[in-house]
Amino acid sequence: MAKRLIILILLECVSLLSSAAEVTKTQSISICIANAEYPPYNYVPRNSNTVKQNAGYDIDLLRMTFEGTQFVYTVQPLPWKRCQEEVKKGNIDALMSASSNQQRRQDFYFSEPYYYLTPSFFYLKADFPDGLTINNASELERYGNICGIKGFNYHNFGMNDDHHIFKIGEISQLPYMLLKGRCKFFLARQEILVGTLALNQTTYLADLIEGKMLTSVEQEPFYMLIGKSSPYHKEIKQLFDRKVKQLTDNGKLRVIIEHHLQRLNHHVFLN
């Protein structure tokens, strides 16, 4: 009788341990960021005394979202177009800092928006000494060529697929496309360009170029895009949206972005 009791107790202990292990079992997920910097949301600090690694608002938010959860996450920097392809195929679970368009709405699940940017256009002051005001970016075509970045979505600028944009790989090179005469204008999100100039210590370019907000365009929301093939898409969205709401409600989300703006020695030069 005593022997049977011991066996039953041992079996119960094994069952409890198995259940506990199941509860604490971790799952690995991967999140993609663009390997081209997108300061202050994703960038590599220019400090030769430290190992080069990505920093920024997105990086901090991912840590705060998944720290202490069942998920162990890795961040994978890839070319932006490949980021989207890998998430769509199910090889990566989600990607950060994406704007919205109809195709993306079909391909991915969207988080709630977690920051907003200002679509703007830029030109050399010398080319338009009296300034230039337009409603949407498509109106620029009457004046000259327009530059942008490969893989970026410009629908929210008022540019559809019928409009030609000469696209390059790096945001930091856009001002030089004006100086070289390759383009008359370039399109960029105001906050990202300012952060890029500060990060690369090229704020002297602010004396040469002018930036204008598009008058008919509202601030543009940005999202985490979650792969429809990810087995954890529901959990990822729920955790991320909950953390964004919590940090918004307690004011800490703004503190994070201000920290990185100060770190970049932010210089605002737009009208």
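The values are calculated or read from the model by the stated rules, or taken from the named source; none is laboratory data. The model shown is predicted, which means the values in this text are computed figures rather than measured ones. Don't worry about glycine lacking a Cβ; one is built from the backbone with ideal geometry, like all the others, and counts go over all protein chains shown. For accessibility, only protein heavy atoms count, side chains too; no ligands or nucleic acids. Shrake-Rupley method; radii C 1.70, N 1.55, O 1.52, S 1.80 Å.
What is the stretch 22-99's relative contact order, in percent, from Cα pairs under 8 angstrom and six or more apart in sequence?
Rounded, it is 47 percent for the stretch 22-99.
Where a Cα-Cα gap under 27 Å defines reach, which lysines qualify for Lys234, not counting those fewer than 8 residues away within the same chain?
Once the sequence-local lysines are set aside, what remains near Lys234 is Lys25, Lys81, Lys88, Lys89, Lys243, Lys245, Lys252.
For the stretch 49-186, would you read off the P(r) tail past 24 Å as a percentage of all alpha carbon pairs? Provide the component values of the computation, followed by the final result.
Numbers: 4175 of 9453 pairs.
When all Cα pairs of the stretch 49-186 are counted, 44 percent exceed 24 Å.
So what is the accessible area of the chain per residue, in Å², with the probe set to 1.4 Å? Show your work: numbers first, answer last.
On the way: 14720 Å² over 271 residues.
Per residue, the chain has 54 Å² of solvent-accessible surface.
Below 8 Å, C-alpha to C-alpha, sequence gap of six or more: please give me the relative contact order for the chain in percent.
26 percent
For the stretch 158-271, report the % of Cα-Cα distances exceeding 20 Å. Show your work: numbers first, answer last.
Details: 3830 of 6441 pairs.
Value for the stretch 158-271 (Cα pairs over 20 Å): 59 percent.
If I model a spin label as a point 7 Å beyond the Cα along the Cα-Cβ vector, how far apart are those points for Arg242 and Ala126 in nm?
Each label point is offset 7 Å from its Cα along the Cβ direction, giving 5.7 nm.
Taking N as the number of residues in the chain, what is its alpha-carbon radius of gyration divided by 2.2 N^0.38 Å?
Working: Rg = 23.2 Å, N = 271, 2.2 N^0.38 = 18.5 Å.
That ratio works out to 1.26.
Need the list of lysines near Lys212 for cross-linking: C-alpha distance under 18 angstrom, and skip anything on the same chain fewer than eight residues off.
Cross-link targets: Lys125, Lys184.
Within the accessible area of the chain, what % is carbon and sulfur when the probe is 1.4 Å and the other protein chains stay in place? Let's see the in-between values first.
Numbers: 7420 of 14720 Å².
Answer for the chain is 50 percent, counting heavy atoms of protein chains only.
What is the magnitude of the charge dipole of the chain about its Cα centre, with +1 placed on the Cβ of each Lys and Arg, -1 on the Cβ of each Asp and Glu, and no other charges, expressed in debye to the nearest 20?
On the way: 30 positive and 27 negative charges, 151 e Å.
I would put it at about 720 debye.
At 7 Å along Cα-to-Cβ for each site, give me the label-to-label distance between Glu141 and Asp107 in nm.
That separation, rounded to one decimal, is 2.3 nm.
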